[in-house]
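Structure, as structure tokens:
Just so it is clear, none of the values below were taken in a lab; they were calculated from the coordinates. Being a predicted model, the structure only gives us computed values, none of them experimental. Cβ atoms come from the backbone with ideal geometry, glycine included; neighbour counts cover every protein chain shown.
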Amino acid sequence: MSLDTISLSGKKKEVSNKKMTFWESLYLVAIFKGLMITIRHLFQRKVTIKYPEEKRPLSPVYRGQHMLKRDELGRENCTACGMCAVACPAEAITMKAAERKPGEELLYREEKYAEIYEINMLRCIFCGLCEEACPKDAIYLTETKVMVPSASKREDFIFGKDKLVMPLTEAMKNRQNQLS
Ligand code: SF4
Ligand code: SF4
């Protein structure tokens, strides 16, 4: 078999160099055919939606944006061990650890905490492996179905602790639910 006849898709077309006829050289037939395709699509069911104004219904098991959890006293659970970053197949997580100082016991549960914790949402594939790997029950993908909002700058997709840590009010609500 010659190399010229090999085609991976099996749809290889031979390029024809034959001279165009007068009508072909006017391109009128080709333009008309193209317009007919466009017009036909106007009356067909649309497969696209006007995101972000319109949103598709999501699956009940959809994993939403990550959250760094607080415990029942409102302290951050994360101890900056790095297990989530190691488990992440997309290498989306980076962090910087710091030591807890005296007086910060009500802020951080462990002696070491994440001073900086960032997830690159452009890399993340929402697989949930970070959640599986975490020994401190500190990170999880929420059931809120909140999607990462669209943005025009790459920096806007680097989510730091300001966007990831559970709001204190939510931690307090969880505490009340546990007590009741
Ligand atoms: S969900 Fe998956 S890809 Fe996203 S940060 Fe966690 S481990 Fe990485
Ligand atoms: S989120 Fe969990 S696994 Fe990741 S650094 Fe914090 S404690 Fe470790």
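The table below lists the values:
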read-out	value
Any hit, the stretch 132-140, residues being of a type in the set (Ser, Thr, Tyr) and either outside any strand (DSSP E or B) or over 24 Å from Arg56 (Cα atoms) (or both)	no
Members of the stretch 107-124 found to be away from ligand 1 (no atom under 14 Å from the Cβ) and either without any contact (Cβ under 8 Å) to a residue 40 or more places away in the chain or not in a strand (DSSP E or B) (or both), listed by number	Leu107, Tyr108, Arg109, Glu110, Glu111, Lys112, Tyr113, Glu115
Residues being loosely packed, with under 10 Cβ neighbours inside 10 Å, of a type in the set (Lys, Arg) and in a loop (DSSP other than H, G, I, E, B) - total across the stretch 37-55	3
Residue match in the stretch 139-155 (condition: closer than 22 Å to Glu76 by Cα and near ligand 1 (Cβ under 8 Å from one of its atoms))	yes
Condition met for Tyr140 (near ligand 2 (Cβ under 10 Å from one of its atoms), among the hydroxyl-bearing types (Ser, Thr, Tyr) and without any contact (Cβ under 8 Å) to a residue 40 or more places away in the chain)	no
Where a residue in the stretch 46-67 is touching a residue at least 60 places away in the same chain (Cβ under 8 Å) and within 25 Å of Leu129 (Cα to Cα) and its partner, wherever it lies, is part of a loop (DSSP other than H, G, I, E, B) and among the basic types (Lys, Arg), with Cβ under 6 Å and at least six apart	Leu58/Lys145; Tyr62/Lys145; Gly64/Lys145
Residue satisfying condition, being under 30 Å from Met147 (Cβ atoms) and surrounded by 15 or more Cβ atoms within 10 Å (Cβ to Cβ), within set Leu68, Leu58	Leu68
